[in-house]
Each structure stands twice: as structure tokens, then as C-alpha cells.
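> Mind having a look at this structure? Questions to follow.
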Amino acid sequence: MAILPLAFGVSSLLVFKMLIDVKPYLTLTKETLIIKHPLKRAIHLKWQDIEKYEMWKANLTHSIDIYLADKGEYKGLHKQSFVRNRFMKRLQIDDISPIIKANFTLGLIKRKDRPKLLKELDWRTFRTKEEELIREKEKNRQLYGEEIADRFSPKKLSDQKKEEAVQLEQYSQINRKYILKITAISFIITVGISFFLYQTEGDNFYNESMPIMIVWFILYPIARIIYDIAGGFKLSFKIKESATPHLEKLELIIHVFILYILSLIVIPVGAIYLLVRAVVRRLLKQ
């Protein structure tokens, strides 16, 4: 029983420490990047020791891994990458140096400051290494192929964001394949709900519920298109990239219980939202 009060006391101390610690999360000086995690000791990284950045998503939040030169001052950050290990073993390369990296969460930075931060990190780290980056990627491409070169070669954060924007644009296409996909989803949901209703209503289903199911089958694709244009594409892309199971379940709930069953409400509300958004954007441009 003594464990619970002890755990509560430690947690309270940690929370109190976070509240009184007014140091900024990230500090950029002329020589170093300082990361102050709330519950950890500050990490000081020299700009000249940063070899590359890698951006990844978890729970819809971007995190940035910082890969460092193998120096003794970073010994506490040593981490052997299982993925890199497997890649190098496949290529029959035995001399695998451990990966040294630190990271920070981009979601803790104000949204309006994030583009400026990424640009500043790129400038401070790679401004004198442009030719070196190109040569290293070309060398990796010739030795290991395009896919591995893209993964392990240094890449600017701004370039990674551009690649993500291109992927999102490709993912957000409303074309024949997309229309067939959402129509098929509407059909599957309709059949599933109809089967359940038939089991409970019997022959009355054909007179009472079947007309409603036909209306839902027609309206779901319309509601889905409006939802995706309004932000559904972006949310779905983030969930897909983060590969988080519970978020995929949330997306399923959105499609079945909101877009399908409440399609009569979603369509007019969504259409008004898109109209207002278009007007506001036009006014802001002017």
C-alpha cells in the first residue's frame, strides 16, 4: 500500500517541477541547439554535429529525430536501430555503427512558428553542406539503390515537408477510383445494417426500413465527398501515416455513425461550411 502514496508523491514533484521550470522547450544559440524536455535534463547539440533530420508521426503529432556524429559527449544518446541493422545485414555490411539521436515533438511548438523553425534548423545545419549532401546521396544511390539512399541520406526538413505535401495531394484526389471506393463502402455498410435490421424486424423491414437504407446508400457518398474536402482527406492521411490502431477505429466510427447515419445533417452543414470557408479565403486574398 505504501507504493501508491510514493508514486503519487513522485508524480506531484514532477508536475511541480514542470510548472516552475520556465526554460523554453527549444533554444537556438549560435553554436548549439538545446532541447529541454519537461522531465529530462537539457540536451545540448552542436550544429556541426547534426548529420540529418527525420520526421515521423505518432498520434497525429510530428516528431523530429536528430541524427548526430558519433562523439563521446553524446554517449548517453546511443541507440542501435533494429531497422538499420537489418538493412545493413541484408547488404552484407558488418561494420554497423550505433545510431546516436535526440528528438523533439513539433506539436509543442506554436503552429505559426513551425515553418520558421524548420527553415532555421535547415539553414543552421546544412548551409555549408549542400554539395556534401548531394554527393552522399549519389554515393548511397549507386551502392544501395534509390530506396535505401532516400532513407539513409541526409535530407532537409523543408524537403521532407514538401514530399509530405505532394503525398497528401496525391492521396486527396477525387477521381473514378475514389468514387468507386466510397460507393463500395456505402454498399457494404448498407448491407451490414440491413442484415441486422432484417433480423430484428423480419418481413416488416421491406416496408419500414428498406426505403431509409436506400436513401442512406445514396447520401453517404455525397456526405463523404463533402467531409473529405473539408478536412477528411488530411485527417485520414495523418492517421494512415501514424499507423495507430485506435485512431483507425475512430475513423471507422466517423464513417459509419456520423457520415452514414447522419448524412442528412452532414450534407447541408458541410456544404455551408465549405461555402463560408471559400468566401473567407477569397476575402483574405483580396
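The values are calculated or read from the model by the stated rules, or taken from the named source; none is laboratory data. Computed from a predicted structure; not experimentally measured. Every residue, glycine as well, gets a Cβ built from its backbone with ideal geometry; the counts of neighbours run over all protein chains shown. The accessibility values were calculated without ligands, DNA or RNA, using every heavy atom of the protein model including side chains. Shrake-Rupley method; radii C 1.70, N 1.55, O 1.52, S 1.80 Å.
> Ignoring everything but the protein chains, give the 1.4 Å probe accessible area of residue 178 in square angstrom, nearest 10.
20
> Between residue 172 and residue 204, what FRET efficiency comes out of the Förster formula 1/(1 + (r/R0)^6) with R0 = 35 Å and r the beta carbon distance, rounded to 0.05? Could you put the intermediate results ahead of the total?
Details: r = 42 Å, r/R0 = 1.21.
E(calc), rounded to 0.05, equals 0.25.
> Using a Förster distance of 30 angstrom, determine the FRET efficiency expected from the C-beta separation of residue 196 and residue 229, and round it to 0.05.
Details: r = 31 Å, r/R0 = 1.02.
Approximately 0.45, to the nearest 0.05.
> Could you check the spin-label model distance between residue 110 and residue 279? Points 7 Å from the Cα along Cα→Cβ, value in nm.
About 3.0 nm, to one decimal.
> On a full-extension model of 0.36 nm per residue, what is the gain between residue 253 and residue 212, subtracting their alpha-carbon distance, rounded to one decimal in nm?
Working: separation 41, 0.36 × 41 = 14.76 nm, distance 1.99 nm.
Taking 0.36 nm per residue and subtracting the Cα distance, the gain is 12.8 nm.
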